[in-house]
Amino acid sequence: MRFVWFWTFWHWSKESFRAGHLLRSPLQGVGGHWDEWFQHEASEQDLRAIEQTGRSESTQREFIAWLFRHWADDCQGSPSRMAPRFVAAQLAQVPPFKKWRAFEKYRDSYGLAGVSALVLSGESAGGAEDVRRVEAVVLPADSAGQKLIPEGFQAEAAEFAAARSAAQGVLRGKGLLILLGLWVFGGRRPYPRWFSTALSAGWVAVAGLILFLLMGPEPGSQLFLLSAVLLVLWCTLMLVAAAAVVTQSFRAWRTGAELRAFLEQSQMRLRMNGGLTLKGGSAGLPFCLNLLLALHHSRPEAARRSWIWNRFFSEMHSEAESWAATGVITAAGYVSPVVIEPKLRACLQHNRIQHILTPRQREATQRALCAIKPSTGAIKKESSPELVSSPMQIGFAAEKPCLRIHRCRHLAQAIMALGRLNDRRRIIANVFPLIVSAIMVGGLPDLRSILLPYPAPVAVEPASASPYFLWASLDTKHPRYFSAVLESRYWSNRRAEVQPRGGLTPSVRAEIRLHRVIGTEASEEEGFVWIERRRRFLTREFLPGERVGRYSIPYLTRIGHE
């Protein structure tokens, strides 16, 4: 009960707003409401309690801790994780809090890390001061207010609308589909290392079995076992990959839908100190990224249900201060080119920035970065009086800039880079299984014929009208997996493939050309035609399989004529 005076103020603020005496909601207008209550409504007892709280820095910090731990939990209708920071920042601007040392860190900041924006002031050629810190907080939507409010700067409402729309799209829309596509093709997977190694070994085993079946020795009776192992292993690997993609995509979609609904019901506040009036939309990309981070700060439990979103938010939260971004962003999430050279120079002079997100343009390359020279003003700023007055000659050793450029055409690519979701090895690991799977898809009918042979065909009409040919017409829809073998003492033994034939009498048949064996005393009607299974895999044909039919020469020559 030490800070009951704040509860008194909060109750007065809510009741006055409900009665229509205050135009803004208790949370949105907390700074102005406090100033009015403190100046005109606070009792002598409240003023003495406030004065006692502010006598020492330790009691001031106790009040701030109470705001974050207790008041926020009991503040109904507001996101408790962000409201205390906003309230502390608003109170830090009004008496008596603006004189309290404990509020020093909240006078120019919410105390949140964010991706910095590159905004050039005036005719600046690019300096460290042009790297501007951006913070975003989420508050309950105010029916009388805007959806996105700037603090410390001014900008066109259209730029904010584009950043907000792009954030909505990447949470649940076309932007999310692009993000998932990039992740599927070249993104990290939520696998432990041993599992990734096992999957890689599995794909190598599939490729090895394919090569063995294509170029190895005749498998003989082991063909069925090898084909079964190959098919089961490939299907298992495909199911694991499909399950991971479907599961993570569904969780990302569900998490994005929840965060988008929360975004649509909330008010965003963007803070960038300096009092600038922005011309152009080059800060749209960092604004959009910080909006997404603010959603995570307010609803961290939502992101934990999706590995993709959780990794992005975790990496961004821990390393946001080392990132800067520039680029005009459209409502669809695409990033347009901007003036880039002075902004790269500004990043080079800022000792905290290690990564920069830029549009995909010709000037944004590591080679162009190495060619950029620091501005004259920056060199003077870094020079010390001792060096200037020293009679010694000073030599400066040039070294490669430790700034890494990440070019992106879409907001989804920026998310992939920020979340360290890109994995070049994954691209190779995806291409190899794709090639193997394409080969497997081509060989699936052949494997099916080996593991589950097609029914034995029956000889049907028509018979050959020529005395020089013997036809074995079969009623099968899979002729490539059967062949006909003529065995006779009068005619030369022949093997013929079963194929679809056209002409006057189209059918599926094997056409055997008849050649008499010289010197034989056998009858011309002596002999049989055997129907054999063909065992094949892609370009290789193995030794013939079982014989599934036998027909005499007289039967085949007279079929359909009797």
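Bear in mind these aren't lab numbers, they're just calculated from the coordinates by the rules spelled out. Every value quoted in this text rests on a predicted model; they were computed, and no experiment measured them. A quick note on method: Cβ atoms are made from the backbone with ideal geometry, for glycine too, and the neighbour counts reach across all protein chains shown.
A few points about this structure:
- Each of K105, K343 has some number of other Cβ atoms within 10 Å of its Cβ, and from fewest to most they run K105, K343.
- Using the Cβ-Cβ distance between E541 and D423 with R0 = 30 Å, the FRET efficiency computed as 1/(1 + (r/R0)^6) comes to roughly 0.15.
- Region 4-108: C-alpha gyration tensor shape, a/c 1.5 cut-off, then a/b vs b/c: oblate
- Remark: region 500-562 carries a charge dipole of roughly 500 debye about the Cα centre, counting +1 on each Lys and Arg Cβ and -1 on each Asp and Glu Cβ.
- The label-point distance for A331 and R193, in a model that sets each label 7 Å from Cα toward Cβ, rounds to 4.8 nm.
- In the chain, the calculated helix contribution to ellipticity at 222 nm averages -14000 deg cm²/dmol per residue, counting -39,500 (n - 2.57) for every DSSP H run with n ≥ 4.
- Normalised per residue, the volume of the convex hull around the Cα set of the chain (Å³): 274
- Relative contact order for region 1-140, counting Cα pairs under 8 Å that sit 6 or more residues apart, in percent: 20
- Among L538, L556, sorting on how many other beta-carbon atoms sit within 10 Å of each Cβ, with the fewest leading, yields L538, L556.
- Length released on extending from R251 to R480, taking residue separation times 0.36 nm less the Cα-Cα span: 77.9 nm
- Order by protection proxy (mean Cβ within 10 Å, highest first), peptides 199-212, 405-418, 246-259: 405-418, 246-259, 199-212
- Protection proxy ranking, peptides 481-487, 316-322, average beta carbon neighbours within 10 Å, highest first: 481-487, 316-322
- Estimated inter-spin distance, K99 and L47, nm [label 7 Å along Cα→Cβ]: 1.3
- The chain: angle of helix 157-171 to the longest principal axis, Cα-based, in degrees nearest 10: 40
- Potential lengthening of the chain between R24 and E525 amounts to 169.7 nm, from the contour at 0.36 nm per residue minus the alpha-carbon distance.
- With Cα atoms, 0 to 90° folded angle of helix 57-66 axis to the chain main axis: 40
- Rg(Cα) / (2.2 N^0.38 Å) computed for region 485-543, rounded to two decimals: 1.38
- Anisotropy class of region 259-316 from Cα gyration tensor, a/c 1.5 cut: prolate
- Paramagnetic label reach from I149 (point 7 Å along Cα→Cβ; backbone nitrogen cut-off under 20 Å): within region 95-122, residues 95-98, 106-112.
- Computed from the C-beta positions of S492 and A207, the FRET efficiency with R₀ = 41 Å rounds to 0.45.
- Sequence-distant contacts, meaning Cα pairs under 8 Å at least 6 residues apart, place the relative contact order of region 469-558 at 31 percent.
- Across the chain, the relative contact order, built from alpha-carbon pairs under 8 Å that are at least six residues apart, equals 15 percent.
- The packing ranking of peptides 216-229, 291-304, highest mean first, is 291-304, 216-229, where packing means the average number of other beta carbon atoms within 10 angstrom of each residue.
- Packing-based exposure ordering (other Cβ within 10 Å, fewest first) of I329, I518: I518, I329
- Degrees, to the nearest 10: 284-298 long Cα axis against longest axis of the chain: 90
- Net lengthening on full extension, R304/R409 (0.36 nm per residue, minus Cα-Cα): 35.1 nm
- Within the chain, percent of DSSP bridges classed antiparallel, to nearest 5: 70
- Annotation: aspartates and glutamates with alpha-carbon distance below 17 angstrom to K105 (same-chain offsets under eight excluded): E57, E62, E135, E151, E321.
- Sites E62 and A141, calculated FRET efficiency, Cβ-Cβ separation with R0 45 Å, nearest 0.05: 0.90
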